[in-house]
Amino acid sequence: MVDEVLYEVADRVAVITINRPDKRNALNAAVRQGLWDAWRRFEADADARVAILTGAGEKAFCAGMDLAEMSEAKRGVPPPDLMPDLGRNITINKPTIAAVRGVAYAGGWRLAQMCDLCVAGTSARFAITEALVGRGAAWAAPLVHMIPQRIILELMLTAKPITAQRAFEIGFVNHVVADETVMAKAQELAQVMIAGAPLFAMAAKKMVRAAAGVSVEEGLLASEAIFAPIYSSEDAQEGPLAFREKRQPNWRGR
């Protein structure tokens with residue numbers, strides 16, 4: 001792990017922190033490598049059930065790519081492995097939460113977008129700013145499954161930032177809270193998830209992805225196939241038994 005990205009686990013929650021506050025947590029090579037290492041570590045970490053991705057400092061979650069480094073490298077089309085993109089070039093089966101304070105611009109928006117849930121502080125600002133620097137924003141394509149098309153086009157064509165409240169109104173953000181309670185809210189959500197069966201959480205993620213952009217019937221068929229192993233798992237027997245015995249389930253993830 002590199003110092004630009006921190007990884008900590010407590011109470012079964014991994015906190016991944018982009019630790020470059022003096023540069024608004026911009027994505028240079030060290031940060032990108034650190035994120036690869038952190039996500040791989042989380043997926044393999046038996047002690048971690050949920051991950052929270054955040055940025056150090058109060059001004060930025062992540063301001064996007066490090067443009068100075070990009071200019072020096074004279075980078076053209078980004079390679080597929082430039083940075084981890086959950087669900088595309090790296091598989092993360094467990095739930096993830098973006099905890100956003102300050103700006104989440106361009107690549108920073110992309111980081112929040114790829115997480116399963118997003119908690120934003122009142123200072124959070126989201127923008128797709130590539131139009132201002134003449135770069136592409138192919139990464140924004142999944143937004144068509146998350147927010148209305150005309151809103152996406154306005155965001156892309158104007159490059160103007162939107163507030164956390166506006167991001168909540170269009171369905172991109174799950175919760176807007178005071179800046180000082182962003183991590184507490186993310187931790188609260190994580191603990192609620194941990195109380196549930198881990199196999200169910202993994203299947204739920206797969207189901208949402210499989211059902212997006214297909215017919216209702218196709219979505220149902222995909223969902224049935226995804227949840228079939230869950231019904232026959234040990235945890236599916238443990239849950240009702242724990243309910244009957246009036247105790248907390250002892251999830252085994254199998």
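Each of Ala159, Val208, Leu27 was scored by the projection of its Cα onto the charge dipole of the chain, and the greatest displacement toward the positive side belongs to Ala159; charges sit on the C-beta of Lys, Arg, Asp and Glu.
Non-local lysine pairs in the chain, meaning eight or more places apart or on different chains, with alpha-carbon distances under 29 Å, amount to 18. Each part reduced to its alpha carbon centroid, segment 138-209 and segment 105-128 end up 8 Å apart.
Quick check: from the Cα gyration tensor, does segment 124-254 come out rounded (a/c under 1.5), prolate or oblate? It is oblate, given that a/c is not under 1.5 and a/b is not larger than b/c. Based on Cα contacts under 8 Å between residues 6+ apart, segment 5-194 shows a relative contact order of 20 percent. Each peptide among 169-177, 5-13 gets the average number of other Cβ atoms lying within 10 Å of its residues, and from highest to lowest they stand as 169-177, 5-13.
Candidates Asn250, Leu220, Gly171 compared by Cα position along the dipole of segment 152-254: farthest toward the positive end lies Asn250, with charges placed on Cβ. Taken about its Cα centre, the chain carries a charge dipole of roughly 280 debye when the Cβ of each Lys and Arg holds +1 and the Cβ of each Asp and Glu holds -1. Straightening the chain between Ile230 and Val77 buys 51.0 nm, computed as 0.36 nm per residue apart minus the Cα-Cα spacing. Scoring 19-30, 214-225 by mean Cβ neighbours within 10 Å over their residues and listing the highest first yields 19-30, 214-225. Rounded to the nearest 5, what is the percent of antiparallel bridges among the DSSP beta bridges in segment 5-194? In segment 5-194, DSSP labels about 25 percent of beta bridges as antiparallel. When both segment 1-66 and segment 212-226 are represented by their alpha-carbon centers, they are found 33 Å apart. When the charge dipole of the chain is built from unit charges on Cβ atoms (+1 for Lys and Arg, -1 for Asp and Glu) and taken about the Cα centre, the candidate among Ile52, Gly136, Pro240 whose Cα reaches farthest toward its positive end is Gly136.
Can you check how the C-alpha radius of gyration of segment 64-205 compares to 2.2 N^0.38 Å, as a plain ratio? Show your work: numbers first, answer last.
Details: Rg = 15.8 Å, N = 142, 2.2 N^0.38 = 14.5 Å.
Here the answer is 1.09, to two decimals.
Shape verdict for segment 197-244, please, from the Cα gyration tensor: rounded (a/c under 1.5), prolate (a/b greater than b/c) or oblate. Prolate is the answer for segment 197-244, as a/c is 1.5 or above and a/b outweighs b/c. Summing Cβ point charges (Lys, Arg +1; Asp, Glu -1) relative to the Cα centre of segment 92-199 gives a dipole of roughly 200 debye.
Length, then width, then depth: along the principal axes, the Cα atoms of the chain run 60, 42, 34 Å. Relative to the Cα centre, the charge distribution of segment 124-172, modelled as +1 at Lys and Arg Cβ and -1 at Asp and Glu Cβ, gives a dipole magnitude of about 80 debye.
Residues whose amide H comes within less than 5 Å of that of Asp85, counting only those at least five positions distant or on another chain, are Ile90 (H built at 1.01 Å from N in the peptide plane).
Since every read-out is calculated from the coordinates, none of them should be taken as a lab result. These figures come from a predicted structure and were not determined experimentally. Heads up, the Cβs are rebuilt from the backbone with ideal geometry, glycines too, and the neighbour counts pull from every protein chain shown.
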